[in-house]
Amino acid sequence: MSPGDFLTALSFLTRLGRPAVVPPERFAASVAWFPAVGLVVGLVAAAGPFLGVFGAYPALQGWLALCLSLWLTRGLHADGLADIADAYGSGANGDRFWGILKDSRAGPFGILALVLTLGGQGLAFAALCGQGRWGELVWCFVLGRLAGLVLLRLNRARVRPGLGALFASGATDAALGWACACAAVAGALLCPWRTLAASLVLCALPVWRLTRLSRLQGGFNGDFIGAGIVLGELCAALSALLL
């Protein structure tokens, strides 16, 4: 759980950080820093609206925050959500499910999932920007990465070869504990405790549903992590607005 591991996570999950060839164990060790990377993503996403860009138009501020987050992460997590939606929506099981999941072409279920989820994010971010709730906007990205790590910890025994496998061995109880501690500190500083509690409860829903899907299909990969991250972000934003 060294600063070097944080930089590894930052360079993989975002455009930031210096690209470097690192051994597999470094990738695994970096998972404990996923929520910290989320904090960086959240700060970048909120920076433009916070500084007054499109200040008279909250809808555009929400759109800007969404665009900044997608640009910074290269759309990596949104791609995972689309892949999961296509495979799940097809009703396929077993090898057919995994074949659809790995197909690089965008299907109708994936497109629908992106429109609904990212559209929901944009609307929710706009509402938060309009109310000046910058801390809660940043928190969305912290919780999203924590959700992705929780998913990995719960399902690592079923991980399939690929990017997800690089991180699986690092998803230990100790790493999850460190990540939870980092997220708790960030949450305490960024948002009211009621928002914090509500977002954790609501975020448990996609984590549970994706875990159930992983068990049904007998496997787990990085697309599940990406889907968990994006849905976790949405749950955090919706929770803030429900209270």
Output the residues belonging to region 181-201 that are in a helix (DSSP H, G or I), in contact (Cβ under 8 Å) with a residue 40 or more places away in the chain and out of contact with any Gly (no Cβ under 6 Å at 6 or more places or on another chain). C182, A183, A186, G187, L189, R194, T195, A198, S199, L200
Right, R96: modelled with pLDDT under 95 and among the charged types (D, E, K, R) or not? no
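Mind listing whichever residues of region 211-231 are assigned to a helix (DSSP H, G or I), touching a residue at least 12 places away in the same chain (Cβ under 8 Å) and more than 13 Å from the chain's Cα centre (by Cα)? Write out each step before concluding.
Within region 211-231, the first condition is being assigned to a helix (DSSP H, G or I), and the residues that meet it are 211-217, 222-231.
Still in the running and touching a residue at least 12 places away in the same chain (Cβ under 8 Å): 211, 213-217, 222-231.
Listed by number, the residues that qualify are T211, L213, S214, R215, L216, Q217.
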Return a yes/no flag: does region 68-90 have any residue that is buried (at least 18 other Cβ atoms within 10 Å of the Cβ), more than 21 Å from the chain's Cα centre (by Cα) and either assigned to a loop (DSSP other than H, G, I, E, B) or in contact (Cβ under 8 Å) with a residue 24 or more places away in the chain (or both). no
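Can you find, within region 91-122, the residue that is surrounded by the fewest Cβ atoms within 10 Å (Cβ to Cβ) among those that are in a helix (DSSP H, G or I) and of a type in the set (S, T, N, Q)?
Applying the filter and picking the extreme gives T117.
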Could you list, in sequence order, all residues of region 16-34 that are touching a Gly at 6+ places or on another chain (Cβ under 9 Å) and of a type outside the set (V, I, T)? E25, R26, F27, A28, A29, S30, A32, F34
Return the residues of region 21-54 that are within 24 Å of L189 (Cα to Cα) and small (G, A, S); say none if nothing qualifies. S30, A32, A36, G38, G42, A45, A46, A47, G48, G52
Please indicate, with yes or no, whether at least one residue in region 47-67 is among the hydroxyl-bearing types (S, T, Y), surrounded by 17 or more Cβ atoms within 10 Å (Cβ to Cβ) and in a loop (DSSP other than H, G, I, E, B). no
Identify, by number, the condition in (1) out of contact with any Lys or Arg (no Cβ under 9 Å at 6 or more places or on another chain); (2) surrounded by fewer than 22 Cβ atoms within 10 Å (Cβ to Cβ); (3) under 23 Å from D79 (Cβ atoms) that A181 doesn't meet. (3)
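The values are calculated or read from the model by the stated rules, or taken from the named source; none is laboratory data. A quick note: this is a predicted structure, and the numbers were derived from the prediction, not measured. No Cβ is skipped: glycine too gets one built from the backbone with ideal geometry, and neighbour counts run over all protein chains shown.
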